[in-house]
Structures are given as C-alpha cells and as structure tokens.
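Remarks on the structure that follows.
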Amino acid sequence: MKIVKEIEALKSVLNHVRGTFPSIGLVPTMGALHQGHLALIRAAKSQSDYVVVSIFVNPIQFNQVKDFENYPNTLEFDLELLKKEMVDLVFIPSTKEIYPKQVGLSLSFPNFDNMLEGKFRPGHFNGVGIVVAKLLHLVQPDLAFFGQKDLQQAYVINLLVEGLSFGVKIVVVPTVREEDGLAFSSRNLRLGLAERKIAPKLYETLSLAKKRLLHKKTWQEVKRTLTKELEGIDSLKLEYFELVRLPDFVIVQHCAADAEFALCIAAHLGDIRLIDNEIIGFHPE
Ligand code: PAF
C-alpha cells in the first residue's frame, strides 16, 4: 500500500496507474475509519481495479470550530485497517497542501443550502463541494464512493458532478449499523456511555415511522407521536425529523404513490450531533 502526502506525488503515482489499471475508484474520508468506511472500500475494491482512499479532515466543511478541533484522529489504526483491506493508495494531505491559500470561491446548491443539513450547518455543503471537487480533479477516478448515512451530501455531490460534467460515477453505499441499529459514524467514538445507550433511538424512530407510513398512517400523526417520545428523553435534543421527496429533498407532508421519499433525522446527544435516514419507496400495489 502506497502512502502519499503531496499532490505532486499523488499525480505522479496516478499517471503511472492510469496506463496500467482499467479503472480507479476513490473513497474520500475524514479518517477515524469504521465499518461504514469498510463497506465503501469493499464496494470500491469490487467495482474498480485500483482503489485510492483519501484521509483529510476538511476544515471548511465544519460550521463549528469545536466540532473540527474535536474530530477524532485515529491515523495509525486507519492505516493498519487500510493495509488489511489491501487498498492500493492512501492520500493524506495536510491542510496547507489542499488549501495553500484562502479559498476564493464558493459553491451554492440552492435547493439544499437552506434545507436540513444545509440549514443547520451553514456553509457545510460549500465546504464539502469544494473538497470533493478538488479530490475528484486530483485523482480523476472512474468511480467515487459515498455513504447513504450522509444522504443529502450524496445528492449534493451528484448535483456537482452532473452539473460540472466530472465524468465520474457516484456510487452510494447503504448505511452500516451496529447491532442495536445505530449507524456507524466517526462521531460515535465521542459519545459518553449514557448517550451511547440512547443513540439507537434515532434509527428506532426512523424504522417505526417507516412502518407506520407503510401502514397508511398520516405523516402528521407519525411525526407528532414520535417527536413527543424523543422530546421526553432528557439528554437528547431533536434538531429535525422530516419527510422529504427524492431526489430534490423538498419537505413534504405526505407520501404519494410511485415515488421515493426519505425520512431524515438529526439530534444532539450531549455535545455530539448525529444524523440518520431511511429511504421509503411507495409503489402502486
Ligand atoms: O463524508 C465525509 O466523510 C466527508 O464529508 C467527505 C465526503 C470525505 C468530504 O470531506
């Protein structure tokens, strides 16, 4: 497994690789790797001939300095894991390498910037869009892999690559969950014992909501009862719990037949903010 830290070194390895391997797969990460990342890497290994993983905690996608500063760093463990997964190349740039000077541009996603993650994390999608665009330019992969847990992010990246004709296929890999249903996330590492016990409530809520909607309960009723339950939990602060239409993420009040929707949830457990989602397809019987 090759490890490179500089853009010039990355380019020089990849110039050679491109003539030898039919396809390159990229898995962008911020490190603190877990089972969810492993699912992305395994999907990349099975669908491409040469796999590049990037580890870069992107400062410009954090809207809170504290969240950036506290982001877990488990680099040694991550590299061991990547070696075991037989990843071909790991790119670990410094912040200076990616942003040698202040970024003088911004990206906007009008349908996303004021919605759910976009609304509660101002500037987040601008930061994600810029770093993903940079990584795609630098690596020029045939495929790039992202997790369903960050569903809105996956749709934003799709908009980016379609809108700017990047010519890369975006693969969205289903969320991987712990036994009790909690979606794997690097932030889980920072949950205290008490919060960790409560955290599976998010997925429990999504699953119950999905079941009730499929049993033709109204969204209004489902949202009201489940929100009340969550609001009764002391250390949990619900940020949003919404039903959105896919692919445009418009918040809706009911599901129509023959369309796809997602239930999206975000909550703070102590200092930690967690998000999750569940996709619902309604098709005529
Ligand atoms: O999902 C993440 O880990 C990050 O948002 C990404 C896509 C690596 C960009 O920094």
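The values are calculated or read from the model by the stated rules, or taken from the named source; none is laboratory data. From a predicted model like this one, the values you see are computed outputs, not experimental measurements. FYI the Cβ positions are ideal-geometry reconstructions off the backbone, even for glycines, and counts take in every protein chain you see. Please note that ligands, DNA and RNA were not included when accessible areas were found on the heavy atoms of the full protein model with its side chains. Shrake-Rupley method; radii C 1.70, N 1.55, O 1.52, S 1.80 Å.
Annotation: Cα Rg of the chain relative to the compact-globule expectation 2.2 N^0.38 Å equals 1.03. If the Kirkwood radius is taken over C-alpha pairs of segment 101-192, then at 4 °C and 1.567 mPa s the Stokes-Einstein diffusion coefficient equals 89 µm²/s.
For segment 143-239, just say rounded, prolate or oblate: build the C-alpha gyration tensor, square-root its eigenvalues into a ≥ b ≥ c, call rounded for a/c under 1.5, and beyond that prolate if a/b exceeds b/c, oblate if not.
Details: a/c = 2.50, a/b = 1.53, b/c = 1.64.
Oblate, because a/c is 1.5 or more while a/b does not exceed b/c.
Residue ranges 167-173, 183-189, 75-81 sort as 183-189, 167-173, 75-81 when ordered by packing (mean number of other C-beta atoms within 10 Å per residue, highest first). Distance between the 7 Å Cα→Cβ label points at N114 and R245: 1.8 nm. Distances between every pair of Cα atoms in segment 205-280, grouped in 10 Å steps from 0 to the bin holding the largest one, split as 19, 53, 24, 4 percent.
Round to a whole angstrom and tell me the spacing of the C-alpha centers of segment 1-34 and segment 67-114. For segment 1-34 versus segment 67-114, the Cα centre distance is 13 Å.
Backbone N atoms of segment 1-19 closer than 11 Å to the 7 Å Cα→Cβ label point of L75 belong to residues 5.
Round to a whole number: what % of the accessible area of segment 161-214 belongs to carbon and sulfur, probe 1.4 Å? Carbon and sulfur atoms account for 54 percent of the accessible area of segment 161-214.
Backbone N atoms of segment 236-279 closer than 18 Å to the 7 Å Cα→Cβ label point of E162 belong to residues 244-251, 259-262.
Determine, for each peptide in 234-245, 130-141, the mean count of other beta carbons within 10 angstrom over its residues, then list the peptides with the highest first. Don't skip to the end; give the middle numbers.
On the way: 234-245: 16.0, 130-141: 19.7.
Highest mean packing first, the order is 130-141, 234-245.
Find the accessible area per residue for the chain; the probe is 1.4 Å, ligands and nucleic acids are left out, and the unit is Å².
Working: 14400 Å² over 285 residues.
Heavy-atom SASA per residue in the chain reads 51 Å².
Of the solvent-accessible surface of segment 30-110, computed with a 1.4 Å probe over protein heavy atoms with every protein chain present, carbon and sulfur atoms account for 53 percent. Considering helices alone, the calculated mean residue ellipticity of the chain at 222 nm is -11500 deg cm²/dmol, with DSSP H runs of length four and up weighted by -39500 (n - 2.57) and normalised per residue. Peptides 34-40, 13-19 ranked from most to least packed give 34-40, 13-19, packing being the mean of other C-beta atoms within 10 angstrom over each peptide's residues. Separation of segment 168-205 from segment 136-165 is 21 Å, based on Cα centroids.
DSSP beta bridges in the chain, what fraction antiparallel, as a percent rounded to 5? Walk me through the numbers on the way to the answer.
Details: 23 of 42 bridges.
Antiparallel bridges make up about 55 percent of those DSSP assigns within the chain.
Basic side chains Lys and Arg get +1 at the Cβ, acidic Asp and Glu get -1 at the Cβ, and with that the dipole of segment 1-145 about its Cα centre reaches some 140 debye. Using the Stokes-Einstein relation with a Kirkwood hydrodynamic radius computed over Cα pairs, the translational diffusion coefficient of segment 1-62 at 37 °C and a viscosity of 0.692 mPa s comes to 257 µm²/s. If a paramagnetic tag sat 7 Å from the Cα of T20 along the Cα-Cβ line, which residues of segment 42-58 would have the backbone N under 15 Å from that point? Residues passing the 15 Å test: 49-52.
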